[in-house]
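Down below is the structure, laid out as structure tokens.
The values are calculated or read from the model by the stated rules, or taken from the named source; none is laboratory data. As the structure is a prediction and not an experimental result, all values here were calculated from the model. As a convention, Cβ positions derive from the backbone with ideal geometry for all residues, glycine included, and neighbour counts pool all protein chains shown. All accessible areas refer to the heavy atoms of the entire protein, side chains included, with ligands and DNA or RNA removed. Shrake-Rupley method; radii C 1.70, N 1.55, O 1.52, S 1.80 Å.
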Amino acid sequence: MEERKLKELLSDMSIEEKIDQLLQVTGYYFEEEGVVTGPNNQAGFMQQEVDLAGSVLGIAGADKLIGIQKKYMEKQPHRIPLLFMADIINGFRTIFPIPLAQGCSFDPEIAKTGAEVAAKESAVSGLHLTFSPMVDLVRDPRWGRVMESTGEDPYLNSEFARAMVRGYQGDGELSQPYKIAACVKHFAGYGAPMAGREYNTVELSNRTLFDSYLPAYQAAIDAGCATAMTSFNTLDRIPSTANRWLMRDILRTHMGFEGVLISDWAAIEEIIHHGVAQGKKQAARLALEAGVDIDMMTTCYCRNIKELLDENKIDSALLDDAVYRVLVLKNKLGLFENPFKDANSQSEENVILSKEHRKLARQAAVQTMVLLKNEDQILPLKKDGQKIAFIGPHTDSPYLMGVWSIFGRMEDVITIKEGVKQAGVRDASFYRGAPVVSDLAKLELQSEVRKQIEADIKASKDLLKEALLAARDSDIVVLALGEHPAQSGEAASRTNLHLDPLQLELLRQVKEINSNIVTVLLNGRPLIIEDVLADSKAVLEAWLPGTEGGSAIADILFGDVTPSGKLSMSFPRTEGQIPIYYNDFPTGRPVLGKKEKYLSQYIDCPNEPLYPFGYGLSYTEFEISPITLSCKILSSAGLIQASVCIKNTGHRAGAQVIQLYIKDEVGSVSRPNRELKGFQKIYLESGEEAEVVFDISTSMLKFYDNTMQYVCEPGTFKLFIGADSSTENFVSFTVE
Ligand code: BGC
Ligand code: BGC
């Protein structure tokens with residue numbers, strides 16, 4: 001529709017119609033199976049509100065959505081179509097690894113492909129928009145939603161944010177086939193809840209917000225992300241959803257976001273719980289003034305805006321602007337011409353969970369797994385000639401998708417047992433060994449799943465006994481341990497990040513019988529694993545690898561693919577080190593190898609994490625040469641090249657992620673100990689070598705100075721190139 005017509009449409013709409021364009025309700029109001037992803041607070045919408053609501057969340061299915069759209073448009077006075085949105089986070093039905101794992105691939109193309117697959121499957125099912133990418137920077141693994149982020153680094157997160165937006169939306173018009181709109185979230189700072197407790201207060205200095213937290217949102221916006229979502233938290237004591245400075249001055253003016261801003265689930269009403277509005281009417285006014293366009297799942301907007309207008313408490317232009325942005329989005333998606341977009345049940349059959357999509361999910365999953373330890377080169381295992389017992393609650397479990405796979409189905413998942421069988425392993429046996437969790441207290445589980453786990457808890461002694469017999473009788477034991485997916489994700493903060501006690505007991509007892517232990521971890525966050533390392537010869541962090549998880553794990557365990565994943569988040573030694581992240585700051589009393597009392601250190605634990613950001617082993621060996629600089633002086637408009645030679649000195653082909661870090665030695669404000677500024681994933685045959693070159697420019701060295709100007713300050717810099725963030729391979733250069 002032409003812009004002129006869209007404006008005419010707006011001016012022709014009644015006040016009620018306008019206000020309800022801003023209302024979003026769950027699919028529950030259209031059919032009973034809608035997925036619930038927030039507190040079901042009986043928002044209690046009236047039929048006439050639902051009849052005019054501008055968008056719906058959490059339902060999918062071509063025929064269903066076509067039916068709902070038809071019925072809706074018959075009642076809609078201007079035949080304005082509904083927008084269908086849902087949380088498609090790491091896949092629609094073909095589930096890719098969780099985003100934290102995708103970050104570990106250090107290969108944004110994987111995320112782009114995953115987003116393309118997700119967009120295609122979603123689009124044919126009738127969806128128009130996904131609430132992804134979630135680009136919140138994370139430094140605290142107690143927070144369950146670290147699984148939804150690509151990790152602790154602003155640069156890495158930015159690369160993935162951009163890739164995901166491109167994957168969902170494509171490079172052209174949103175109306176193109178198989179593309180859906182993206183929604184960058186949660187703006188802003190939601191990844192930093194104090195003490196890792198979900199929905200808790202966020203305290204960030206503006207400098208930290210601007211330097212570390214905003215870049216990934218900015219990358220999504222620069223990639224053309226159509227929509228953004230407010231965060232639940234307060235920032236500087238102001239709930240984001242009511243924060244006019246954050247949403248108007250920063251998001252729209254400073255960062256250039258022009259799209260639709262949606263509240264998170266019930267976040268407008270929650271302004272009241274934060275103690276910043278007295279009631280729904282005030283909450284509605286604050287959110288609208290802050291520039292929040294869509295009200296997800298509350299009656300704040302639809303029951304109060306009219307009154308606010310009548311009492312002259314808000315300007316009608318505020319309402320018109322918000323409604324117009326929603327209409328523009330619908331128009332960009334081509335919904336006025338074709339309200340069903342790509343919804344098509346025949347396409348659903350061809351596209352969803354296709355062989356091709358499964359293949360891509362498997363290729364992605366193998367890239368995301370991180371080999372943490374491999375003593376005596378126990379891995380890779382042999383398909384023939386080794387008797388292998390696979391033991392543990394994840395051995396044959398379909399719990400490999402992560403909680404944000406709302407349309408994923410457990411029956412589609414290739415379990416480890418199935419993956420190993422498909423791989424043609426001659427002598428393998430499989431045992432559960434222990435329940436996946438021994439305390440179900442606060443876990444929200446489907447009743448079937450709950451029953452199964454309860455049965456395992458009751459039978460735990462027998463499960464253990466049977467597993468130990470198998471361990472005694474085998475050459476190798478592969479233990480598949482970890483979390484249940486319900487232990488990570490939204491509203492799943494934990495204070496104890498160890499494996500479940502019954503899993504640890506299983507590990508301990510197996511160790512007494514057979515020390516050839518390979519542990520595969522399946523979990524949604526960095527766990528505390530010193531005990532696991534001590535008792536295992538090899539540890540593979542497989543995260544929650546998705547629909548093809550079992551096949552991908554077999555690919556890695558048996559050496560069909562050499563692992564190449566690198567941690568996107570530091571692994572702490574103990575919960576007491578949290579928050580712990582590599583790009584932290586120097587102090588006035590740095591340790592620097594000294595053994596004295598009055599230094600910035602713990603008396604009961606090293607400062608260093610168990611594994612640093614960027615860490616991960618391979619089945620082959622790589623040598624990285626010292627760094628060569630094309631010039632030691634960088635001028636403001638110039639470039640210098642930093643290069644290393646990398647050689648695969650081992651016996652297998654494999655990929656290495658070469659990482660570039662920079663440290664600004666002296667600044668007008670204290671600068672991080674090092675910052676990731678580039679990475680390249682290089683694949684080499686055994687014996688092969690390659691030159692890796694990075695361009696260094698002053699634009700990479702900018703930060704917010706002591707007057708909050710974004711500048712590169714002259715001075716000396718250290719430049720590191722290596723295989724993880726703790727590398728000591730460095731040279732110095734000067735900026736004039
Ligand atoms: C989450 C969002 C999500 C929304 C809709 C909220 O609880 O914080 O990330 O997009 O629900 O499901
Ligand atoms: C302490 C001060 C103390 C000073 C002199 C410093 O290390 O931080 O509290 O007054 O030494 O003893």
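Residues that are open to solvent by less than 60 Å² (accessible area, probe 1.4 Å), in a helix (DSSP H, G or I) and touching a strand residue (DSSP E or B) at 6+ places or on another chain (Cβ under 8 Å): does the range 458-466 have at least one? Spell out how you get there, then give the answer.
Step one: filter the range 458-466 for residues open to solvent by less than 60 Å² (accessible area, probe 1.4 Å), giving 459-460, 463-464.
Remaining after also requiring in a helix (DSSP H, G or I): 460, 463-464.
Retained after the next criterion (residues that are touching a strand residue (DSSP E or B) at 6+ places or on another chain (Cβ under 8 Å)): 463.
Yes.
Here's the yes/no breakdown for (1) away from ligand 1 (no atom under 15 Å from the Cβ); (2) in contact with a strand residue (DSSP E or B) (Cβ under 6 Å, 6 or more places away or on another chain); (3) not hydrophobic (A, V, I, L, M, F, W, C):
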residue: 83; (1), (2), (3): no, yes, no
residue: 88; (1), (2), (3): no, yes, no
residue: 99; (1), (2), (3): no, no, yes
residue: 106; (1), (2), (3): yes, yes, no
residue: 114; (1), (2), (3): yes, no, yes
residue: 122; (1), (2), (3): no, yes, yes
residue: 144; (1), (2), (3): no, no, yes
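I'd like to check something: does the range 617-626 contain any residue that is open to solvent by less than 60 Å² (accessible area, probe 1.4 Å) and within 26 Å of residue 493 (Cβ to Cβ)?
No - not one qualifying residue is present in the range 617-626.
Does residue 152 meet the test of being more than 16 Å from ligand 1 (Cβ to nearest atom), touching a residue at least 40 places away in the same chain (Cβ under 8 Å) and surrounded by fewer than 22 Cβ atoms within 10 Å (Cβ to Cβ)?
Details: more than 16 Å from ligand 1 (Cβ to nearest atom): yes; touching a residue at least 40 places away in the same chain (Cβ under 8 Å): yes; surrounded by fewer than 22 Cβ atoms within 10 Å (Cβ to Cβ): no.
Against the criterion (more than 16 Å from ligand 1 (Cβ to nearest atom), touching a residue at least 40 places away in the same chain (Cβ under 8 Å) and surrounded by fewer than 22 Cβ atoms within 10 Å (Cβ to Cβ)), residue 152 does not qualify.
Condition check ((1) surrounded by 15 or more Cβ atoms within 10 Å (Cβ to Cβ); (2) in contact with a His (Cβ under 6 Å, 6 or more places away or on another chain); (3) farther than 20 Å from residue 111 by Cβ) across all residues:
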{"site": "163", "(1), (2), (3)": "yes, no, no"}
{"site": "167", "(1), (2), (3)": "yes, no, no"}
{"site": "173", "(1), (2), (3)": "no, no, yes"}
{"site": "211", "(1), (2), (3)": "yes, no, yes"}
{"site": "229", "(1), (2), (3)": "yes, yes, no"}
{"site": "240", "(1), (2), (3)": "yes, no, yes"}
{"site": "253", "(1), (2), (3)": "no, no, yes"}
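How many of the residues in the range 288-299 are open to solvent by less than 10 Å² (accessible area, probe 1.4 Å) and more than 16 Å from ligand 1 (Cβ to nearest atom)? Step through it out loud before you land on a result.
Going through the range 288-299, the residues open to solvent by less than 10 Å² (accessible area, probe 1.4 Å) turn out to be 288, 290-299.
Cutting the leftovers down to more than 16 Å from ligand 1 (Cβ to nearest atom) gives us 288, 290-291, 299.
Total meeting the criteria: 4.
Just one of (1) outside any helix (DSSP H, G or I); (2) crowded, with 23+ Cβ neighbours inside 10 Å trips up residue 224, so point out which.
The failed condition is (2).
Within the range 176-197, which residues are crowded, with 17+ Cβ neighbours inside 10 Å and either in a loop (DSSP other than H, G, I, E, B) or more than 14 Å from ligand 1 (Cβ to nearest atom) (or both)?
178, 179, 180, 182, 188, 189, 190, 191, 192, 193, 196
Hey, residue 367 hits all of (1) surrounded by fewer than 18 Cβ atoms within 10 Å (Cβ to Cβ); (2) in contact with a Ser or Thr (Cβ under 9 Å, 6 or more places away or on another chain) but one; which does it fall short on?
With (1) surrounded by fewer than 18 Cβ atoms within 10 Å (Cβ to Cβ); (2) in contact with a Ser or Thr (Cβ under 9 Å, 6 or more places away or on another chain) applied to residue 367, the lone miss is (1).
So which residues in the range 484-508 are surrounded by fewer than 21 Cβ atoms within 10 Å (Cβ to Cβ), more than 22 Å from the chain's Cα centre (by Cα) and not aliphatic (A, V, I, L, M)?
Listed by number, the residues that qualify are 501, 505, 508.
Out of the residues in the range 198-209 that are away from ligand 1 (no atom under 16 Å from the Cβ) and closer than 13 Å to residue 139 by Cα, which is surrounded by the most Cβ atoms within 10 Å (Cβ to Cβ)?
Checking each candidate, the answer is 204.
Return yes or no: is residue 511 farther than 16 Å from residue 441 by Cβ, open to solvent by 50 Å² or more (accessible area, probe 1.4 Å) and in contact with an Asp or Glu (Cβ under 6 Å, 6 or more places away or on another chain)?
On the way: farther than 16 Å from residue 441 by Cβ: yes; open to solvent by 50 Å² or more (accessible area, probe 1.4 Å): yes; in contact with an Asp or Glu (Cβ under 6 Å, 6 or more places away or on another chain): yes.
So residue 511 passes the test.
Please state which one of 579, 590, 612 is open to solvent by less than 50 Å² (accessible area, probe 1.4 Å) and under 24 Å from the mean Cα position of the chain (by Cα).
Residue meeting the stated conditions: 612.
Tell me, which strands (runs of 3 or more DSSP E) lie completely within the range 630-736 with 1 or more residues that are in contact with a strand residue (DSSP E or B) (Cβ under 9 Å, 6 or more places away or on another chain), aliphatic (A, V, I, L, M) and exposed (fewer than 15 other Cβ atoms within 10 Å of the Cβ)? Explain how you work it out, then say what you get.
On the way: elements: 639-648, 654-664, 675-684, 689-697, 715-722, 730-735.
Fully inside the range 630-736 and qualifying: 639-648, 689-697.
It is to be established whether one or more residues within the range 462-481 are away from ligand 1 (no atom under 16 Å from the Cβ) and within 26 Å of residue 197 (Cα to Cα).
yes
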